[in-house]
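For reference, the structure discussed in these notes is given below.
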Ligand SMILES: *[C@@H]1O[C@H](CO)[C@@H](O)[C@H](O)[C@H]1NC(C)=O
Ligand SMILES: *[C@@H]1O[C@H](CO)[C@@H](O)[C@H](O)[C@H]1NC(C)=O
Ligand SMILES: *[C@@H]1O[C@H](CO)[C@@H](O)[C@H](O)[C@H]1NC(C)=O
């Protein structure tokens, strides 16, 4: 009987202890920006909940498993930072819930962890982690080279798109008349790594011009450059003209001529007056479309 009571008492105590460790301290949220542009100050924050009967022992911040900042209220020096390459705390709240780092360099990227511990006797500890990528955005949009002024049906279209220097590497893709270019017409991307850790990508589009490529006389080539969700830019060239020899004059070719007339005003290639080029598949215009660059924090 007595031992039964003892056992019941022990199990109640254990239950309370379990309850205590589960609910006394809880990590509510860790916020780490996923993509940080080079040279900007990343702000990280950690929210936790401590039961009113508990006392905070420590808040510690780690990057790639190494501690760089700690707050231990009972310590002589309640807040301390430890220098890591590319990681230095510039500002923090008194309880270390929020930290702002000095402007990001490439080494600032990595896995960040926030660890919160309660006081004796149980030292409950909770932690969470999140990854940060430091992004060096290209200062220029993609550049298209190798495009000729005129193409005729049967010609080999061979153009090269090159990204600005970035990190991580920019992803390029080609579109023909707004449709993704078939894999068979796109070569393997070339990657060039610069000494400063930035990368340049280039991608060659290579295909034979067929009638189907000229939609109402237009051939549009677009190169799209992206980096995750933070960068999005494209460059487009539009080529236009009449059908090649052997094609009956059709409504389409007349349309082509009227378009070519318009080109005289806009084109820099300088066709004059009535001197329409004989087999013209001419470069209509080179559009540079600048989409806004966006950053998504979190
Ligand atoms: C801490 O960071 C959170 C989330 O970024 C923010 O909402 C809050 O205002 C910050 N608190 C302080 C005291 O800076
Ligand atoms: C930490 O301090 C900030 C103000 O400096 C406060 O807003 C926040 O609630 C505190 N966090 C915790 C978990 O006590
Ligand atoms: C494409 O252009 C880049 C930059 O000018 C160059 O490094 C690369 O070799 C070119 N690729 C081809 C296949 O011409």
Residue list for the range 37-67, filter: away from ligand 1 (no atom under 16 Å from the Cβ) and closer than 25 Å to residue 168 by Cα: 37, 38, 39, 62, 63, 64, 65, 66
Among the numbered criteria (1) within 16 Å of ligand 2 (Cβ to nearest atom); (2) surrounded by fewer than 19 Cβ atoms within 10 Å (Cβ to Cβ); (3) in a loop (DSSP other than H, G, I, E, B), which one does residue 91 miss? (3)
One residue is enough: does the range 39-53 have a residue meeting the conditions assigned by TED's automatic domain parsing to the domain that holds residue 124, closer than 18 Å to residue 133 by Cβ, more than 16 Å from ligand 2 (Cβ to nearest atom) and at pLDDT below 95? yes
With 119, 90, 107 as the choices, which residue is within 20 Å of residue 199 (Cα to Cα), in the same structural domain as residue 64 (by TED's automatic domain parsing) and either more than 16 Å from ligand 1 (Cβ to nearest atom) or touching a strand residue (DSSP E or B) at 6+ places or on another chain (Cβ under 8 Å) (or both)? 107
If residue 180 passes every condition in (1) under 21 Å from residue 228 (Cα atoms); (2) touching a residue at least 60 places away in the same chain (Cβ under 8 Å); (3) more than 16 Å from ligand 3 (Cβ to nearest atom) but one, which one does it miss? (2)
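The values are calculated or read from the model by the stated rules, or taken from the named source; none is laboratory data. As the structure is a prediction and not an experimental result, all values here were calculated from the model. No Cβ is skipped: glycine too gets one built from the backbone with ideal geometry, and neighbour counts run over all protein chains shown.
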